[in-house]
Structures are given as C-alpha cells and as structure tokens.
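A short worksheet on the structure shown next.
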Amino acid sequence: MKKLSLLLLSMSMVSLVYAGGFKIGLQGQKQIGMGHVGIGLAQDASSVYFNPGALSFIENQINFGVSAIVPRVQFIETNTNISTFAENQTFTPFSLYANYHIKNSPVTLGVGVYTPFGSGVKYPTDWTGRYVLTNINLTNVFIQPTVAYKVNDFLSFGAGFVYSLGHVTLEKELPIENSIGEGSAKLEGSAAGFGYNLGAYFNLNKRLTGGVVYHSRVDMKVDNGSATFSNIPTALSSTFPNTTFTTELPLPSEAGVGFAYKANKDFTVGVDVNYTFWNSFESLGFDYADNTSALVDDPSPRNYENAWAFRAGFQYDASRRVSVRAGAFFDQTPVQNGYVNPELPDNDKVGISMGGTYWLEDRISIDFSLLYEDVIKRRDINTETQLSGTYKTKVIIPGVGVSYLINKKVKKRINTL
Amino acid sequence: MKKLIYISCLGMALLAFSCKPNLEGTAATAGDADLTSFVAIGNSLTSGYADGALIYSGQQNSFPVMMAGQFAKAGGGAFKVPYLLNSGNGMGLSSAGIIPRRVLGYTTNCLGVTSLGPVLASGPATTPTNVSAGGPYNLIGVPGASSFHVAIGAYSSATQGNPYLSRFVETPGVSSMLSEALRAKPSFYLLWLGNNDILGFATNGGVGAISPNFPNPLGGDLIDPAMVQGALNAVMDSMANRGAKGVVANIVDITSIPFFTTIPYNPINLRQGQADTLNAQYAQLGITNVTWKAGANPMVIEDTTVAHPTFKIRHATAQDYMVLTLPMDSVSCAGWGVLPNKALQDQYVLDAEEVAIVRSYTDQYNIAIEALASSYGVAYADMNKYMKSFKSGLVYNGSELNAQFVSGGAFSLDGIHPNPRGYALVANEFIRVINAQYNATIPSVDVTSYDGIIFPN
C-alpha cells in the first residue's frame, strides 16, 4: 500500500464553455422601445445595424445609446431542492452610429460601433454547479463601416464590413481539494473576427416600408488565451500546468425581414421576424498548448438549433417634442433539451418594452427605453454534466440615448416617402 | 392615449420591482413512511468509517446522519450518534490493535522513489470513552460487525466484545445491537449488514474457513448464507412487530471496490536479460509452468493445485485479485512474486476460484435480502448494482467520480469505505429507493458539499 503511487486525476475540462443564446438585442434605444423592431423602419443611424439599406433615407445624424442589463438568475436543483441565485451584476452594452449622405450622389456612408453579443453570469463559488461554472463574462464589440446606395426613392441597398473584437473569461472550481480548499481554473482570452452585414430597404408606398437583412457569421478566434489554475495541490501541479489555448467561437449568421406601416401622421407600427442560424454552434473545444490527463482537447457539445424571433411595436408622436413607444417580442431559444447549462440558462423568452424620445431642441433629442425580459422557466438535465434543475431568469434593462441631427431639418420623425 | 402611457409606465415600474425570480422546489414529504424515529443498523459502512478508522468528522459525514438531516425536512425527529468526541486521529481496526486513520502523504520506497499515497496519520489514535449515559442512540453502526452479531449480547462486552459497540450500549455484555436499536423506539429503520460476512474472507485472500458453524469473520471466515438470512430476519421481524418500516440494503461485490482492483496482477516489468536469467533459474528447478518475457509479466502466486512437488506456484491471471495490503516494497526489492521461493502467499491473493466462491456467496446473500425486503414490505436498496456504477464511473454536477483508488474521488484511503462524497452518493441512493417505496419526496443531499480526497498542499 505504501508504495502505491498516485494515479493522475482524469478530470475533464471540457465543460468549460462559452455562452449560449448569447445574442443581445439592444442595438438602438428607439428600437428597444418598440420591441427591437428596425428592419423595415428607417428610424435613425442605428440602421447601420438593423438594415444598412435604410441609411439612404435617414437624415445625417449621430446616435448614441447605452443600456444597463440587470439580470436575476435562479436555479433550483431538482434532487436537492437547493436554490441558488446568481450574483447581482450589471452590464452596460452601448451603441454609437453615424451616417452621412454624400452630396449629389446616391451614396450614403455610415459607421456603427455596437455590442450584439455578450453574456455574463456569476455564481457563488460554493454552489453545487461550481465544477461546471462559477463565472462567465463574454464581451464583444462590432465595428462596422457601411455604404448605402440609393437606387431610387423606392429602393436602396446597403452593405457593411464587420470587424469584431471580443474578450472571454470563464471560471470554475475543480474537484480537487487540499486543506485550504478547492482548486480553480480560469480561462481568459481575447478574440477577433470578420463578417459583413447586408440590407435592402423598400419604400413600398406612402405608408408602407419594408426591409430584408442578412448578418453574416463571425468566427471569433482566440489565439493566445491563458489557462491558469489556482490552489492546485503540489502532487497534481504537473497535471494542471498554467498554459495557453486556442479556440473558435462562432457568432451565428442571421436573416431578417421587417415592415412598418404609418397609420397616420402620428402613429407608426412595425414588425420584424429574425431567423438565426445557431446550428453553427455545434461544440466548443479548447486546444491547450500543453495536454495532460486533465487538460484534454475534447470539445463539449452544444448542438444549438436555429431559432426564430418575432417582434412588434409602435411609435406615437404625442406632441412636437415627445414621442412614445411600446413593443414586445418572442425569442425562441437555440438550446435543446439536455443542453441547458449555467453558462446561459436559456429558454424561449418574452420581452415587453416601452420608450420615448424628448426633443430638447431641433437638433438634439434624448431617448429613453425600458425593457423587461422574462426567460420562461425551464427544467432540464444536462447530458454532459448531469446538472439537473430548473432555471428562471428575469431581466430588467433601462436605457438612455442621445441623438444629434447634423443638418437642422426635421420634417418627419420616421422617414417614409 | 396619455392614460394608456401612464398605465404602461406604472406597469413597467412594477415589473422592475418584481424582477427577482421566485422558483419554489418540491415540498419534502415522508409519504407512507413515518420518519419520527429513525434507526440505522449496520457495520463500518453505516458508522461513517473511512480512511481506515472511525473518527468524529467521519461520523458526522456518515450516510445515516446525512439521511437523518434530509428526513428532518419531512417530519424526521432527532438522530443521536455515539460520537467519538475525544481528540486523536481516529479509531482504526487492525490486528495490531487500535491505529490512527490514514492520510495522503509522501513516502520513499526501497528503490528511493518518493510518491504520494496513504500513510498513517502522525499522532496517536483516538482512545474511546464510554458514552452509554447519552443513549439510546439512533446510529448503531458497528465497525467489524457481521450479520450474526446483531442479536448477540456478548458482542458488546467491554473486555471480549467489540470496542465500538461496548462504549455506547446500555449494559455491556448484555445489550445487543438489536436491543439497542429497539431501545430507540424506531418507527423507521435502515439495515445494512452482511458485508463483513464476506469481506473478512476476501481481504485475507480467502485463507479462512467456508461456512463454519462457529465463524470468526474478522479472522477470515466466510459466513453461511443461511446464517446471514437468519440474523437479518431476526432484526426485520422485531421491527415489523413494532410496526416499523424501513429499508434494507444488499451486499456489494468485492470486485467493485479498490481494495481488490488497485494492484495489478502483472506489475513485473523485465528486460530480456532479466527474463532470461529468471527462466534459467526456474528451468533449473524443473518449474515448467512459469516463463518470463521482456515487458510486463504476471506475478507468481502460491497455488496448492499445481503438480510440482515443491514449487506449487503459477503465474497470476487477470482473474486473480491482489489485495491492497500486499507490501509492494517486497515485490520491488525482495523478489516477492518473482523468485520461485517468494511466490505470493495465499493471504495476499484472492484467486479466481476464491473470487467465484465470494461472488456465489454474495449472490446468495442478496437473493435472501431481496426476499426479506419483499416479504416484510420494506424498501430494497440494491447497493451492489449502485456501487457497480462507481466502477464504471459517474458524473455528478460536472465532476467525474469512479472507483479508482485515490484518484476516483469516491472511495476513502482504505480502499474499502467511501469518502464523505462517496457516502453522500450512498445516502442519495437510499433516499431514492425510500422515496420510490413509500411515495415520499425526501430531497437528496448536495454531494458536492461533502469532501472528497484531501491532498497535501
């Protein structure tokens, strides 16, 4: 017995993973106010994201917005009845857009800096799922120079080039223990990727507008991520060497179509339908520079499914200075049963929103938005980690923005023919 | 319109304040079971014995204590444990008397190789004190107890009996495990006895007697299935007479536990020259059934059925199990298992024939236990099947647990008893079968909240 040498631990690191249905629908304060509708509705320069084709019909302007995401996540483990709340965190995605019509030309230039993907959940370090995840933080910025070409007063096309920057942090506890406590692992890395954004916008008649849009897939490559391990017992230090890793995270492509109808001079309604090609996210693997029995490159399955989203909203121009908005959406989850996990406890979700704009003067207006998201309660057993329980997430997202019109000329709040 | 706006503003504000999810779990209920007075009767497994000793922290992490904690959420009452509160490193059973528990530590072997493995904790063992004044106790887990000890009063004798038992019974030498259990007025019981009826024989390499009339299980005797059946029946009959229901568990196949599966049968690595030398030596003695080759070779073990007049030895096979107490230093440096006159003695090997006997006895015990559970209408915990899932490996909330010694994370450093995390899985399996039998909804324990193996920093 004395001579028995210690066998190496064969713990899998594969469950360290990046976020799930991790898209953020907060790309423009006015659009948030009406259920994030914006494909067939030329609201403002945030059309750089929503539909580059619409830029031809937008007054030259600059729009800035910021939101505060305050998610509350609860998990009740099925077998133990133990309830865990994720720690309170606030995330602040932002957007900045501008467009400019080249004089005597059908060309409009635009640029956008926005954050279409991201995720963050932090669990107590002693919670029952800590070997799966204790913390995930995924941040991402798209920078998109854009050109729109106006064919005629009825039709315009737009195209944008997307350069994406991101950062990912993942932490979990390890089931190895010494007198101080458990070991932990942290994966951290910066990523970059490229893509594009195409759109077409139609003025179908004086009341009805429409658009189609395609956002390409962006593969975020992490080239030199760092894997660091803390409080590893000396006997196992060679099994958990601090090392580097590479990985690739696909941000999915998406197609969308939308329409807006101007019922009268004060009242506009809009609808969007999005279809996101989440099936590109089949698995996530980390390729470690040093492989050991604990650091293996096996990918962890995600097997996301393509998902629909349906959005509707209205805007009412109440007075010369005030517009108000409201809307709602239904967002289908890409996460199949058996794959729900704490990195993003996803399910179909329902959002309701409201917002408004107050014109300080002819050039400057302030936008307000408030969005409530209810992720429908979901019970699942993860096939990989066996973590079994019911997840529930509620999110409240207040936001504020400012718009500045470059040319002092405001005829219409929403641009139609 | 303005009114609508005000109302929706108010609505959103309300949502903002009600933003915290409020999921509720399933309510804990006892169903048809009466958990007001729970008594657990068993051997070392039931006592919380781990790392080769019984110690206060181990008792706190025993599966009956975990279960009682969950029962309390469904109407369960107090659960008294005869805790070993004295200082010391635990109270371990050994032929050399009471020894401390094992911890992971570094040792250097005869070849000068230092490695991490189980070592005896430094410092004295725990000297038990008598706690009978605090009785009756709900946890009657007695390390070393075989099934037939359960109703024997002499087994609690302070001088001749079991020191784990004598320290908490009402009248040493008179009170039995069963009488102590009944004194606690059980409404619900757990019975898991019979492991030692096989284990003594198996851990001693099958040197003991098979089905003797007056067995000494710790001395290595194998207990007759009829005797096990009779002992368990006596307990269950007494419980049924009280109207108590409960759960009875079966016996674990010894090849599921690391004590028998850790040391390989073929650890002898040779170069061609070494093999040639050994082959010449064996040939000189007229031993024809042993040959050595370059690479991994099986050890040689004693086998009385071999025809050779002097060297009744043969190579071990994958069907022969080496016990964890085999001194590997002697294999590495003293020629054990290699030289013709150093074949492994019977006590270190549970050979294929003995394994077959042990398995046959395990099956017979388990058939009897299942029949008893059925006839008394109590829950039946198939721990044999459950512990086999340890062997194949299981995943609990993202951590992998298996029956590998030390690294598997479920067994303690003695290779026989689970560690607290392994005991938590056992507790949950008992709770699962109790819930199924009695339509109860007793919640499981959080396995991750219990320690696994503690490494040196």
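Yes or no, residue by residue, for (1) surrounded by fewer than 17 Cβ atoms within 10 Å (Cβ to Cβ); (2) within 14 Å of chain B (Cβ to nearest Cβ); (3) charged (D, E, K, R):
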{"position": "A:T128", "(1), (2), (3)": "no, yes, no"}
{"position": "A:Q144", "(1), (2), (3)": "no, no, no"}
{"position": "A:F154", "(1), (2), (3)": "yes, no, no"}
{"position": "A:V168", "(1), (2), (3)": "no, no, no"}
{"position": "A:L187", "(1), (2), (3)": "no, no, no"}
{"position": "A:F194", "(1), (2), (3)": "yes, no, no"}
{"position": "A:N197", "(1), (2), (3)": "no, no, no"}
**Complete:** Residue hits (the range A:323-341; closer than 22 Å to A:G38 by Cα, out of contact with any strand residue (DSSP E or B) (no Cβ under 6 Å at 6 or more places or on another chain) and either assigned to a strand (DSSP E or B) or within 13 Å of chain B (Cβ to nearest Cβ) (or both)) are none
**Item:** Matching residues, the range A:346-368, being crowded, with 18+ Cβ neighbours inside 10 Å, away from every other protein chain (no Cβ under 14 Å) and among the charged types (D, E, K, R)
**Value:** A:D346, A:D367
**Request:** May I ask you to list the residues in the range A:85-137 that are under 24 Å from the mean Cα position of the chain (by Cα) and among the polar types (S, T, N, Q)?
**Result:** A:N88, A:Q89, A:T90, A:T92, A:S95, A:N99, A:T115, A:S119, A:T134, A:N135, A:N137
**Message:** Being in contact (Cβ under 8 Å) with a residue 24 or more places away in the chain, surrounded by fewer than 17 Cβ atoms within 10 Å (Cβ to Cβ) and in contact with a Ser or Thr (Cβ under 7 Å, 6 or more places away or on another chain) is the requirement here; does A:E248 meet it?
**Reply:** no
**Request:** For residues that are in a loop (DSSP other than H, G, I, E, B) and in contact (Cβ under 8 Å) with a residue 60 or more places away in the chain, tally how many sit in the range A:129-153.
**Result:** 5
**Request:** Would you be able to tell me the number of residues in the range A:20-67 that are touching a helix residue (DSSP H, G or I) at 6+ places or on another chain (Cβ under 9 Å) and either closer than 17 Å to A:I366 by Cα or among the aliphatic types (A, V, I, L, M) (or both)?
**Result:** 21
**Item:** Some residue of the range A:61-74 being buried (at least 21 other Cβ atoms within 10 Å of the Cβ), farther than 30 Å from A:V257 by Cβ and at pLDDT 90 or above
**Value:** yes
**the range B:326-367, subset small (G, A, S) and more than 20 Å from the chain's Cα centre (by Cα), residue surrounded by the fewest Cβ atoms within 10 Å (Cβ to Cβ)** = B:A356
**Asked** So how many residues does the range B:110-161 have that are part of a helix (DSSP H, G or I) and in contact with a helix residue (DSSP H, G or I) (Cβ under 7 Å, 6 or more places away or on another chain)?
**Response** 5
**Complete:** Scanning the range B:375-403 residue by residue, the ones that are in contact with a strand residue (DSSP E or B) (Cβ under 7 Å, 6 or more places away or on another chain), free of Cβ contacts under 8 Å to residues at least 60 places away in the same chain and away from chain A (no Cβ under 14 Å) total 0
**Request:** Using the structure shown, decide if B:G295 is in contact (Cβ under 8 Å) with a residue 60 or more places away in the chain and at positive phi.
**Result:** no
**Item:** Whichever residue in the range B:207-233 is closer than 19 Å to B:G144 by Cβ and of a type in the set (G, A, S) and, among such residues, is modelled with the highest pLDDT
**Value:** B:A231
**Asked** Within the range A:155-198, which residues are over 21 Å from the mean Cα position of the chain (by Cα), in a strand (DSSP E or B) and more than 30 Å from A:V257 (Cα to Cα)?
**Response** A:K172, A:E173, A:L174, A:P175, A:I176, A:E177, A:N178, A:E182, A:G183, A:S184, A:A185, A:K186
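The values are calculated or read from the model by the stated rules, or taken from the named source; none is laboratory data. Nothing here was measured: the structure is a model prediction, and the numbers come from that model. Every residue, glycine as well, gets a Cβ built from its backbone with ideal geometry; the counts of neighbours run over all protein chains shown.
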